[in-house]
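The values are calculated or read from the model by the stated rules, or taken from the named source; none is laboratory data. In this text, all values refer to a predicted model and were calculated from it rather than measured experimentally. Because the Cβ atoms are built from the backbone with ideal geometry, glycine has one as well, and the counts that use them run over all protein chains shown. These area figures cover heavy atoms from the full protein model, side chains too; ligands, DNA and RNA do not enter into them. Shrake-Rupley method; radii C 1.70, N 1.55, O 1.52, S 1.80 Å.
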Amino acid sequence: MKNEKKPEIGVRALRKNIRVSAIKIRRVLDRIQGCSYREALVLPESMPYKTCYLISQLILSAAANANTNFGLNKSDLFISEARVENSTYLRRFRPRAQGRGCPIKKPICKVTIKSNSNKVGEIER
């Protein structure tokens, strides 16, 4: 009875193989985490980074998943978790002097956004 938790409905959106380093995406995700759905859509628009468009598309996808799969309103959602993971490296070689090749590592990452609803008691699955 003491440690009784409210059941939370978690909706997630996942995007794989993004050709951007995880550090560049993480600086945008740190601002979004814990915000409501509306704030999370407005914040990336005011930032001057290339990754903001990708993250706003993920937020829209998570909201669409919540609406179609669970019947949740978009206004009740908030971003509970935003995570980025390093995946692999895209390896290329740049020609150098005397027939040598120098490797170039282009990073690839995965982004996961989880959102929960404020209203839980009304929903049955």
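Odds and ends about this structure:
- Computed from the C-beta positions of Y89 and L54 and an R0 of 22 Å, the FRET efficiency is 0.70 to the nearest 0.05.
- The value of relative contact order for the chain, using C-alpha pairs under 8 Å at least six residues apart, is 38 percent.
- Separation in nanometres of the label points that stand 7 Å from Cα toward Cβ, at K16 and S75: 3.7 nm
- Solution diffusion estimate, µm²/s, Stokes-Einstein, the chain, Kirkwood Rh from C-alpha pairs, 25 °C, viscosity 0.890 mPa s: 150 µm²/s
- The stretch 9-75: trypsin sites (Lys or Arg not before Pro) in DSSP loop, at most 15 other beta carbons within 10 Å: R19, K50
- For R100, solvent-accessible area (1.4 Å; no DNA, RNA or ligand), Å²: 150 Å²
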